[in-house]
Amino acid sequence: MDRNIRTVDDVLKLLDGLFAPGADRWTAGGAAWWDGFYADRSKPVPFFVAKPDENLVAYLDEKLITPGRALDLGCGPGRNALHLAASGFQVDAVDLSPAAIAWAEDRAREAGAEIRFRCGDAFALTDGDRGGAYDLIYDSGCFHHLPPHRRISYLGLLDRVLAPGGHLALTCFAAGGMGSELPDGAFYQQSALHGGLAYTPESLRWIFSDLAEVELRRMRDEPPESELFGEPFLWTALFRRDT
(Lines give C-alpha, C1' and ligand atoms only; values in the text may rest on other atoms or scores of the structure.)
Protein backbone atom coordinates (compact mmCIF):
# COMPACT_ATOMS: atom_id res chain seq x y z
CA MET A 1 0.00 0.00 0.00
CA ASP A 2 1.46 3.37 -1.08
CA ARG A 3 0.91 6.63 0.79
CA ASN A 4 3.42 8.82 -1.01
CA ILE A 5 1.64 12.14 -1.51
CA ARG A 6 3.22 14.75 0.72
CA THR A 7 4.11 17.77 -1.43
CA VAL A 8 2.70 19.69 -4.39
CA ASP A 9 5.40 18.09 -6.53
CA ASP A 10 4.14 14.65 -5.49
CA VAL A 11 0.64 15.63 -6.66
CA LEU A 12 1.97 16.96 -9.97
CA LYS A 13 3.84 13.71 -10.64
CA LEU A 14 0.73 11.72 -9.78
CA LEU A 15 -1.28 13.76 -12.30
CA ASP A 16 1.46 13.25 -14.90
CA GLY A 17 0.85 9.52 -14.54
CA LEU A 18 -2.83 9.84 -15.45
CA PHE A 19 -1.88 10.44 -19.08
CA ALA A 20 -1.15 7.66 -21.54
CA PRO A 21 2.56 7.40 -22.38
CA GLY A 22 1.89 8.50 -25.96
CA ALA A 23 0.49 11.80 -24.70
CA ASP A 24 3.68 12.77 -22.89
CA ARG A 25 5.40 15.77 -24.45
CA TRP A 26 6.60 17.52 -21.29
CA THR A 27 8.58 15.12 -19.08
CA ALA A 28 11.93 13.47 -19.73
CA GLY A 29 9.93 10.46 -20.91
CA GLY A 30 8.67 12.53 -23.83
CA ALA A 31 12.16 13.03 -25.27
CA ALA A 32 11.88 9.95 -27.49
CA TRP A 33 8.73 11.30 -29.17
CA TRP A 34 10.44 14.60 -29.93
CA ASP A 35 13.56 12.79 -31.16
CA GLY A 36 11.39 11.02 -33.71
CA PHE A 37 9.77 14.31 -34.67
CA TYR A 38 13.14 15.99 -35.30
CA ALA A 39 14.88 12.97 -36.85
CA ASP A 40 14.25 14.03 -40.46
CA ARG A 41 15.53 17.59 -40.80
CA SER A 42 14.15 17.85 -44.34
CA LYS A 43 10.51 17.39 -43.31
CA PRO A 44 8.26 20.27 -44.49
CA VAL A 45 7.49 21.43 -40.95
CA PRO A 46 6.97 25.23 -40.92
CA PHE A 47 9.07 25.88 -37.82
CA PHE A 48 11.98 23.73 -38.99
CA VAL A 49 13.09 26.70 -41.09
CA ALA A 50 16.00 28.74 -39.77
CA LYS A 51 13.89 31.87 -39.28
CA PRO A 52 13.12 33.73 -36.04
CA ASP A 53 9.55 34.41 -34.94
CA GLU A 54 8.23 37.67 -36.37
CA ASN A 55 7.04 38.83 -32.95
CA LEU A 56 10.51 38.34 -31.42
CA VAL A 57 12.04 40.47 -34.15
CA ALA A 58 9.31 43.08 -33.63
CA TYR A 59 9.92 43.23 -29.86
CA LEU A 60 13.57 44.01 -30.53
CA ASP A 61 12.90 46.48 -33.35
CA GLU A 62 10.36 48.33 -31.19
CA LYS A 63 12.70 48.18 -28.17
CA LEU A 64 10.08 46.42 -26.05
CA ILE A 65 12.93 44.16 -24.94
CA THR A 66 16.65 44.90 -24.80
CA PRO A 67 19.65 42.55 -24.71
CA GLY A 68 20.49 40.77 -21.48
CA ARG A 69 20.36 37.18 -20.28
CA ALA A 70 17.79 35.01 -22.11
CA LEU A 71 16.38 31.52 -21.63
CA ASP A 72 14.82 29.85 -24.67
CA LEU A 73 12.36 27.20 -23.44
CA GLY A 74 11.79 24.26 -25.76
CA CYS A 75 14.32 25.71 -28.18
CA GLY A 76 13.97 22.97 -30.80
CA PRO A 77 16.54 23.45 -33.60
CA GLY A 78 17.54 26.81 -32.12
CA ARG A 79 16.17 29.32 -34.64
CA ASN A 80 15.08 31.87 -31.99
CA ALA A 81 18.12 31.24 -29.78
CA LEU A 82 20.33 32.11 -32.75
CA HIS A 83 18.49 35.39 -33.33
CA LEU A 84 18.72 36.31 -29.66
CA ALA A 85 22.47 35.63 -29.66
CA ALA A 86 22.93 37.67 -32.84
CA SER A 87 21.00 40.51 -31.16
CA GLY A 88 23.39 40.67 -28.22
CA PHE A 89 21.77 38.36 -25.67
CA GLN A 90 23.64 35.87 -23.53
CA VAL A 91 21.53 32.80 -24.31
CA ASP A 92 20.75 29.58 -22.51
CA ALA A 93 18.54 27.22 -24.53
CA VAL A 94 16.90 24.04 -23.25
CA ASP A 95 14.97 21.21 -24.89
CA LEU A 96 13.97 17.68 -23.92
CA SER A 97 15.12 16.21 -27.23
CA PRO A 98 18.78 15.26 -27.85
CA ALA A 99 18.02 15.34 -31.60
CA ALA A 100 16.76 18.91 -31.37
CA ILE A 101 19.75 20.03 -29.31
CA ALA A 102 22.17 18.37 -31.75
CA TRP A 103 20.53 20.22 -34.66
CA ALA A 104 20.60 23.52 -32.74
CA GLU A 105 24.28 23.04 -31.90
CA ASP A 106 25.04 22.40 -35.57
CA ARG A 107 23.29 25.64 -36.53
CA ALA A 108 25.08 27.58 -33.81
CA ARG A 109 28.44 26.22 -34.97
CA GLU A 110 27.71 27.23 -38.56
CA ALA A 111 26.71 30.72 -37.43
CA GLY A 112 29.61 31.11 -35.02
CA ALA A 113 27.14 31.80 -32.21
CA GLU A 114 27.93 31.26 -28.54
CA ILE A 115 24.84 29.67 -26.99
CA ARG A 116 24.75 27.42 -23.95
CA PHE A 117 22.49 24.49 -24.84
CA ARG A 118 21.01 22.15 -22.23
CA CYS A 119 19.22 18.88 -22.94
CA GLY A 120 16.63 18.12 -20.28
CA ASP A 121 13.65 19.33 -18.31
CA ALA A 122 13.51 23.12 -18.02
CA PHE A 123 11.55 22.82 -14.78
CA ALA A 124 14.46 20.93 -13.23
CA LEU A 125 17.13 23.54 -13.98
CA THR A 126 19.30 24.22 -10.94
CA ASP A 127 20.97 27.47 -9.93
CA GLY A 128 24.25 25.98 -11.15
CA ASP A 129 22.73 25.24 -14.57
CA ARG A 130 21.44 28.78 -14.90
CA GLY A 131 24.03 31.05 -13.35
CA GLY A 132 21.51 33.71 -12.38
CA ALA A 133 18.18 35.26 -13.26
CA TYR A 134 17.02 35.96 -16.82
CA ASP A 135 15.95 39.24 -18.37
CA LEU A 136 13.95 37.35 -21.00
CA ILE A 137 12.28 33.96 -21.04
CA TYR A 138 11.27 33.09 -24.59
CA ASP A 139 8.84 30.25 -25.29
CA SER A 140 7.85 29.45 -28.85
CA GLY A 141 5.44 26.54 -28.64
CA CYS A 142 6.32 24.90 -25.32
CA PHE A 143 3.52 26.20 -23.09
CA HIS A 144 0.65 24.74 -25.14
CA HIS A 145 2.08 21.21 -24.82
CA LEU A 146 1.77 21.25 -21.02
CA PRO A 147 -1.17 19.57 -19.28
CA PRO A 148 -3.21 21.96 -17.12
CA HIS A 149 -1.60 21.00 -13.82
CA ARG A 150 1.89 21.76 -15.16
CA ARG A 151 1.00 25.45 -15.43
CA ILE A 152 1.86 25.43 -11.73
CA SER A 153 5.38 24.28 -12.61
CA TYR A 154 5.60 26.88 -15.37
CA LEU A 155 4.60 29.73 -13.07
CA GLY A 156 6.98 28.39 -10.44
CA LEU A 157 9.80 28.52 -12.98
CA LEU A 158 8.98 32.16 -13.75
CA ASP A 159 9.01 32.97 -10.04
CA ARG A 160 12.45 31.40 -9.67
CA VAL A 161 14.30 32.56 -12.75
CA LEU A 162 12.69 35.69 -14.24
CA ALA A 163 14.42 38.85 -13.04
CA PRO A 164 12.43 41.87 -11.77
CA GLY A 165 11.74 43.99 -14.83
CA GLY A 166 12.30 40.94 -17.02
CA HIS A 167 9.96 39.73 -19.75
CA LEU A 168 8.15 36.53 -20.64
CA ALA A 169 7.44 36.22 -24.37
CA LEU A 170 5.53 33.26 -25.70
CA THR A 171 3.65 31.93 -28.67
CA CYS A 172 0.88 29.37 -28.22
CA PHE A 173 -2.08 27.82 -30.01
CA ALA A 174 -4.96 30.24 -30.47
CA ALA A 175 -8.52 29.08 -29.82
CA GLY A 176 -10.35 29.00 -33.11
CA GLY A 177 -7.08 28.47 -34.97
CA MET A 178 -5.29 25.37 -33.66
CA GLY A 179 -5.22 23.15 -30.60
CA SER A 180 -7.81 21.51 -28.39
CA GLU A 181 -10.51 23.68 -26.85
CA LEU A 182 -11.75 21.06 -24.39
CA PRO A 183 -12.09 22.21 -20.75
CA ASP A 184 -9.15 21.38 -18.50
CA GLY A 185 -10.88 18.49 -16.72
CA ALA A 186 -11.60 16.65 -19.96
CA PHE A 187 -7.91 16.00 -20.63
CA TYR A 188 -7.68 13.89 -17.46
CA GLN A 189 -10.80 11.94 -18.36
CA GLN A 190 -9.39 11.10 -21.80
CA SER A 191 -5.70 10.70 -20.80
CA ALA A 192 -4.71 12.74 -23.84
CA LEU A 193 -3.77 16.29 -24.82
CA HIS A 194 -4.87 16.06 -28.47
CA GLY A 195 -1.66 17.63 -29.77
CA GLY A 196 -1.76 20.70 -27.54
CA LEU A 197 -4.09 23.11 -25.74
CA ALA A 198 -5.65 26.18 -27.33
CA TYR A 199 -5.88 29.42 -25.37
CA THR A 200 -7.93 32.59 -25.52
CA PRO A 201 -6.52 36.03 -24.70
CA GLU A 202 -8.63 36.05 -21.53
CA SER A 203 -7.19 32.73 -20.34
CA LEU A 204 -3.62 33.88 -20.97
CA ARG A 205 -4.25 37.13 -19.09
CA TRP A 206 -5.70 35.20 -16.16
CA ILE A 207 -2.91 32.60 -16.02
CA PHE A 208 -0.20 35.27 -16.15
CA SER A 209 -2.09 37.83 -14.06
CA ASP A 210 0.89 38.31 -11.75
CA LEU A 211 2.75 39.84 -14.71
CA ALA A 212 2.05 43.10 -16.53
CA GLU A 213 0.76 42.73 -20.07
CA VAL A 214 2.85 44.55 -22.67
CA GLU A 215 1.32 43.11 -25.84
CA LEU A 216 -1.01 40.26 -26.79
CA ARG A 217 -1.99 39.68 -30.42
CA ARG A 218 -2.18 37.14 -33.21
CA MET A 219 1.10 36.23 -34.82
CA ARG A 220 1.35 37.86 -38.22
CA ASP A 221 1.18 35.66 -41.29
CA GLU A 222 4.50 35.57 -43.11
CA PRO A 223 4.84 34.38 -46.73
CA PRO A 224 7.28 31.56 -47.55
CA GLU A 225 9.83 33.99 -48.98
CA SER A 226 9.91 36.06 -45.77
CA GLU A 227 12.99 36.00 -43.57
CA LEU A 228 10.66 35.65 -40.55
CA PHE A 229 8.43 32.87 -39.24
CA GLY A 230 4.77 33.74 -38.75
CA GLU A 231 1.54 31.74 -38.52
CA PRO A 232 -1.82 33.37 -37.65
CA PHE A 233 -3.11 30.33 -35.71
CA LEU A 234 -0.81 31.36 -32.83
CA TRP A 235 -1.09 34.00 -30.12
CA THR A 236 1.98 36.03 -29.31
CA ALA A 237 2.17 37.49 -25.82
CA LEU A 238 4.69 39.66 -24.02
CA PHE A 239 4.47 40.11 -20.25
CA ARG A 240 6.73 41.96 -17.81
CA ARG A 241 7.58 41.13 -14.22
CA ASP A 242 7.39 44.38 -12.29
CA THR A 243 8.35 43.03 -8.85
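The values are calculated or read from the model by the stated rules, or taken from the named source; none is laboratory data. These numbers come from a predicted model, not from an experiment. Heads up, the Cβs are rebuilt from the backbone with ideal geometry, glycines too, and the neighbour counts pull from every protein chain shown. Only protein heavy atoms, including side chains, enter the accessible area calculation; ligands, DNA and RNA are left aside. Shrake-Rupley method; radii C 1.70, N 1.55, O 1.52, S 1.80 Å.
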**Fill in**
Taking region 144-160 and keeping residues more than 19 Å from A28 (Cβ to Cβ), open to solvent by less than 30 Å² (accessible area, probe 1.4 Å) and of a type in the set (A, V, I, L, M, F, W, C) leaves L158
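Are any residues in region 102-128 closer than 18 Å to V45 by Cα and touching a Lys or Arg at 6+ places or on another chain (Cβ under 8 Å), and if so, which ones? Reasoning before the result, please.
The initial filter retains those residues of region 102-128 that are closer than 18 Å to V45 by Cα, namely 102-104, 107.
Within region 102-128, W103, R107 meet the criteria.
Going by the structure shown, is E202 modelled with pLDDT of 95 or more and closer than 21 Å to L56 by Cα? Write out each step before concluding.
Values: modelled with pLDDT of 95 or more: yes; closer than 21 Å to L56 by Cα: no.
Taking the combined requirement at face value, the residue does not satisfy it.
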**Complete:** A198 meets each of (1) in contact with a Gly (Cβ under 8 Å, 6 or more places away or on another chain); (2) closer than 17 Å to Y138 by Cβ with one exception, condition (2)
**Request:** Spot the failing condition for G141; the list is (1) over 17 Å from C172 (Cα atoms); (2) open to solvent by less than 30 Å² (accessible area, probe 1.4 Å), and only one is missed.
**Result:** (1)
**Prompt:** Looking at (1) closer than 17 Å to W26 by Cβ; (2) at pLDDT 95 or above, can you tell me which one G195 breaks?
**Reply:** (2)
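Take the residues in region 59-105 that are basic (K, R) and within 21 Å of E227 (Cα to Cα), then tell me which one is surrounded by the most Cβ atoms within 10 Å (Cβ to Cβ).
Among residues in region 59-105 that are basic (K, R) and within 21 Å of E227 (Cα to Cα), the one surrounded by the most Cβ atoms within 10 Å (Cβ to Cβ) is R79.
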**Prompt:** What residue, among those in region 218-239 that are among the charged types (D, E, K, R) and exposed (fewer than 13 other Cβ atoms within 10 Å of the Cβ), is farthest from the chain's Cα centre (by Cα)?
**Reply:** E225
**Fill in**
Cβ pairs under 7 Å, 6+ apart or interchain, first in region 215-243 and at pLDDT 95 or above, second surrounded by fewer than 17 Cβ atoms within 10 Å (Cβ to Cβ) and β-branched (V, I, T), ordered by first then second residue, are F229/V49; L238/V214; F239/V214; R240/V214
**Message:** So S191 passes all but one of these: (1) without any contact (Cβ under 8 Å) to a residue 60 or more places away in the chain; (2) open to solvent by 30 Å² or more (accessible area, probe 1.4 Å); (3) of a type in the set (S, T, Y). Which condition number does it fail?
**Reply:** (1)
